[in-house]
1. Looking at the range B:70-80, which of its residues are of a type outside the set (A, V, I, L, M, F, W, C) and under 15 Å from the mean Cα position of the chain (by Cα)?
2. Does the range A:66-113 hold any residues that are charged (D, E, K, R), over 23 Å from A:Thr227 (Cβ atoms) and not in a helix (DSSP H, G or I), and which are they?
3. Which residues, taken from the range A:411-436, are at the interface with chain B (Cβ under 10 Å from one of its Cβ atoms) and either modelled with pLDDT under 95 or more than 25 Å from the chain's Cα centre (by Cα) (or both)?
4. For the structure I just gave you, tell me whether B:Ser139 is in contact with a strand residue (DSSP E or B) (Cβ under 8 Å, 6 or more places away or on another chain), of a type in the set (S, T, N, Q) and either touching a residue at least 24 places away in the same chain (Cβ under 8 Å) or more than 10 Å from chain A (Cβ to nearest Cβ) (or both).
5. When B:Leu283 is evaluated against the numbered criteria (1) within 14 Å of another protein chain (Cβ to nearest Cβ); (2) closer than 30 Å to B:Gln170 by Cβ; (3) in contact with a Ser or Thr (Cβ under 7 Å, 6 or more places away or on another chain), which criterion, by number, is the only one it fails?
6. Quick one: what pairs do we get from the range A:465-482, first residue within 14 Å of another protein chain (Cβ to nearest Cβ), second assigned to a strand (DSSP E or B) and buried (at least 22 other Cβ atoms within 10 Å of the Cβ), C-beta under 7 Å, 6+ apart or different chains?
7. Do we find a residue being out of contact with any strand residue (DSSP E or B) (no Cβ under 8 Å at 6 or more places or on another chain), surrounded by 19 or more Cβ atoms within 10 Å (Cβ to Cβ) and of a type in the set (Val, Ile, Thr) anywhere in the range A:195-203?
8. Of the residues A:Ser412, A:Ser427, which is more than 22 Å from A:Gly259 (Cα to Cα) and out of contact with any Gly (no Cβ under 7 Å at 6 or more places or on another chain)?
Amino acid sequence: MKTDSRQYVSREAGRCCAAGKATELLLHAKTILPRIVKCSSLFFAVSMLVGMAFAQTDPGVRSSTGVNAGTPLPDLAATAGAPEFFANGQTRFEQVEVVSGGTNNGLGPRFNLNQCSACHSQPAVGGSSPNANQYPFIGANPESQVIKDGIVTNSNTIPSFITAAGPVREARFPFVISNGAVTTTPDGGVHDLFTVTGRSDAGNCSISQPNFTQAENLNDIIFRIPTPVFGAGFIENIGEDTLIKNHNAIVGNNFGVSGTFNYNGNDGTISRFGWKAQNKSTLLFAGEAYNVEMGITNELFQNERPNPDEEQNFTGLPGDCLNLAGSGYPEDTTNFKATSGSNQFATNASIPSDIVMFAMFMRFLDQPAAQPNGYSTATTTVTAASISRGQTAFGSVGCATCHTPSLNTDPSSFNEDLNKKTANLYSDLEIHRMGALADNVSQGTAGGDQFRTAPLWGVGQRIFFLHDGRASDLLTAIQDHCPSSVNSIPNQGTGSGSGSGAGSGSGAASEACTAVTNFEALAQTTASGSTVASQQDVLNFLRSL
Amino acid sequence: MNDMTVLRLLVSLAVFISLPAWGQNTGSWSVVQSSPSSKVETNLPPTLLVKGAWPSATDLTAALPEGGSLTAGVYTNQYFGLSYTLPTDWAQKSAGPPPSDSGEYVLTLLSPSDTYKGTARGSILVTAQDLFFIPLPVSNAVELIHYTKSHLQPYYQLEREPVELKIGAQSFTSFSYWSPVTDLHWQVLATDIRCHTVQFVFMNRDPKTLESQVLEMNKMKLPAQSSPGDVGGAAGPVCLKDYANGENVIERVDPVFVEHKYNPVPVRIIIDQGGSVKQIHFLSAFPDQTKAVTTALQRWKFRPYLRDGKPVEVETGILFGRTPYVAIAPQSAAVK
């Protein structure tokens with residue numbers, strides 16, 4: 001009995017209605033009448049030879065509509081001072097950080113990159129992982145260029161899982177590695193890729209990178225890609241009761257979906273940001289990223305962070321890697337003296353610390369704009385009719401059960417654009433059990449196999465999908481929602497380790513499997529003149545978001 | 001069209017009403033305790049954990065909702081006392097995820113296998129909803145079907161209003177709907193077993209295949225109904241909602257949580273005839289939470305539940321952690 005969903009779909013392609021030549025006579029959908037399907041046996045044979053070639057394909061990044069994300073809320077100016085705060089926050093988000101001796105100090109001693117906007121850049125600042133060959137051609141994975149760009153010295157090596165054409169990634173080890181073996185003690189923290197060793201502004205600090213090769217061989221490594229922050233202000237302002245009512249509305253659904261929330265430990269309310277919805281607010285999101293990804297301590301996370309194993313071994317960071325900026329902790333603080341200038345609001349905006357202004361920038365970013373009227377990509381043109389069919393099918397087959405099309409915000413004290421408005425986020429902000437997608441990292445009340453429903457707004461112009469960017473094609477991403485093998489963690493190098501401690505599991509499946517099965521029950525493509533939705537319509541709809 | 005189809009279904013079922021229902025083997029209960037008669041001081045009740053830093057599942061031999069298995073084309077679930085023969089050349093696409101915080105299980109998901117020769121594509125989903133933890137004002141299969149039907153998304157159209165029918169001696173409520181834009185059809189059949197609503201959700205592009213699969217359900221084996229008041233149950237523990245309340249609890253110790261995490265911790269317990277906790281099943285909990293709750297529960301004492309003057313085992317549910325949230329106020333009578 002085969003359980004690999006990829007193979008299942010290819011059997012679909014072989015069985016009936018081969019590539020582009022489906023002829024289905026549909027007696028009209030208004031009455032319940034038998035549907036006669038005609039399949040050409042010749043094409044059946046041909047497509048069997050083709051193997052994994054599908055008729056339905058991901059249109060690719062939408063390009064004809066320009067970049068449809070990254071702008072501020074349209075009516076931000078209605079709140080006096082808000083545009084200046086947005087602009088200031090964006091500038092800081094784009095700043096290049098250094099270790100010492102500059103104006104933006106505190107980088108390191110361990111970090112993934114030195115600039116927020118380098119990783120969060122697709123399709124615009126605030127987004128996700130870029131690529132040099134896909135619209136809008138921002139560039140190669142910046143993490144792959146750090147030696148070339150002089151951000152790190154060649155005391156560092158680029159880990160094998162960072163490639164120029166691949167996604168920006170952070171790495172975590174689900175379990176502590178001790179004496180070359182995986183233990184059962186949970187780790188789960190971020191192990192930053194690079195160190196400041198050898199940089200001219202890093203003094204005598206000399207520390208080594210984590211042993212990523214060993215972790216890969218032990219099958220004890222997982223990855224996360226950047227989450228886009230567009231529309232963060234809307235997500236922040238969706239009320240608890242809205243989320244709970246939405247949760248209750250899907251009980252009894254016929255897709256086997258039953259999620260829950262990640263409750264933050266401070267006040268017990270629902271948190272919503274991050275791959276496991278582990279962060280409560282944009283401020284927390286910003287503060288955590290500043291310290292964890294870039295090593296810049298701040299007013300939320302004031303202390304330099306040893307590597308998880310430096311902590312486990314009670315060694316901490318070496319003394320000559322501390323306080324490298326020389327001004328004490330935290331490295332990012334409120335500015336008591338404002339920058340002078342003629343614009344009072346711009347002056348005001350210079351006072352808060354970086355993380356507050358990052359949060360303000362994210363909060364004031366508009367939601368990505370969907371393009372329901374049609375669009376083109378590098379390879380194809382998509383019609384409004386197809387998008388409309390796909391949108392309905394997206395709901396009918398069950399995807400919308402987790403990827404809730406829209407939720408309304410609470411009243412807002414910031415701006416009218418966030419005040420009781422509709423966020424078209426395509427997420428219920430719940431955490432769901434995703435079977436073999438499990439990364440064995442617990443965060444808040446999210447267990448190792450639970451992930452937040454990723455908001456799909458803006459997915460039309462994204463390149464890498466799922467929490468670790470394993471899929472760069474939407475069809476694969478859909479199939480991967482119902483992954484086949486237990487503990488399959490891809491891109492693990494030559495991992496032949498026992499992967500012990502990663503849980504025996506029962507091969508428990510993902511909540512998405514029924515919806516994926518239903519999606520695969522759709523016709524692959526829609527024949528001309530037909531009004532019945534196909535898998536291609538769903539893909540076309542997704543790329544319109 | 002609708003009435004004709006219902007009639008057709010009922011007529012077809014009438015042929016099978018005489019099929020004997022399969023009684024559940026209750027001998028399995030004694031397997032749960034590793035040392036059969038020793039009491040609480042030395043033996044913790046076996047705890048069955050779900051949540052944690054890694055996905056885990058039960059590894060004891062106790063019959064559990066999530067413990068179904070598929071062998072030689074037959075799905076068997078000892079806990080629910082049911083046995084379902086898959087349609088020819090259909091296979092299990094996946095077992096379900098671990099149970100959810102609100103007590104929902106996916107028992108199995110079936111779809112055509114690679115040897116399936118037909119062209120009709122679809123799925124058969126079997127779920128179970130623990131009625132002690134459902135965050136909706138419904139208390140049985142009938143109410144759940146009516147709730148689902150009245151909350152259908154606008155892209156569906158009702159094909160058949162809810163009807164009640166019998167498979168063997170087991171009552172089911174069924175309704176069907178379809179999605180015009182995708183030309184997919186659904187039929188849902190729901191029944192109550194051990195205070196869970198078990199649902200069979202058939203989906204297919206071909207209404208004829210759908211219909212024939214639903215008719216094949218007559219070959220299912222289901223628990224024998226042993227006494228009135230049991231919700232489709234066999235001769236197992238009596239399932240009672242909110243038994244761990246008020247005067248029923250003679251001795252109670254609150255769990256001491258190391259860290260207050262705010263996630264709901266739904267727990268099903270079986271209380272033996274003497275009033276002590278015999279089995280604990282954590283639907284969803286972190287390891288430290290299971291330790292805290294287990295330590296507490298082993299010191300609880302219940303008033304035995306009597307039936308015909310004799311104490312019987314009771315199965316009930318307790319929600320630790322968060323209090324449940326319910327959409328609207330509970331209604332008093334079943335919706336018909």
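1. Start the filter on the range B:70-80 by keeping residues that are of a type outside the set (A, V, I, L, M, F, W, C), which leaves B:71, B:73, B:75-79.
B:Tyr75, B:Thr76, B:Asn77, B:Gln78, B:Tyr79, listed by residue number.
2. Narrowing the range A:66-113 to residues charged (D, E, K, R): A:75, A:84, A:92, A:94, A:97, A:110.
Narrowing further to those that are over 23 Å from A:Thr227 (Cβ atoms): A:75, A:84.
Within the range A:66-113, A:Asp75 is the sole residue that qualifies.
3. A:Arg433, A:Met434, A:Gly435, A:Ala436
4. Values: in contact with a strand residue (DSSP E or B) (Cβ under 8 Å, 6 or more places away or on another chain): no; of a type in the set (S, T, N, Q): yes; either touching a residue at least 24 places away in the same chain (Cβ under 8 Å) or more than 10 Å from chain A (Cβ to nearest Cβ) (or both): yes.
Judged against the criteria, B:Ser139 is not a match.
5. (3)
6. Pairs found: A:His481/A:Ser510; A:Cys482/A:Ser510; A:Cys482/B:Ser94.
7. Initial filter on the range A:195-203 (out of contact with any strand residue (DSSP E or B) (no Cβ under 8 Å at 6 or more places or on another chain)): A:197-203.
Okay, now just the ones that are also surrounded by 19 or more Cβ atoms within 10 Å (Cβ to Cβ), so A:197, A:199, A:202.
Checking which are of a type in the set (Val, Ile, Thr) leaves us with A:197.
Yes, the range A:195-203 has at least one match.
8. Values: A:Ser427 fails: more than 22 Å from A:Gly259 (Cα to Cα).
A:Ser412 is the lone residue from the list that is more than 22 Å from A:Gly259 (Cα to Cα) and out of contact with any Gly (no Cβ under 7 Å at 6 or more places or on another chain).
The values are calculated or read from the model by the stated rules, or taken from the named source; none is laboratory data. Bear in mind the structure is a predicted one, so any value in this text is a computation, not a measurement. A quick note on method: Cβ atoms are made from the backbone with ideal geometry, for glycine too, and the neighbour counts reach across all protein chains shown.
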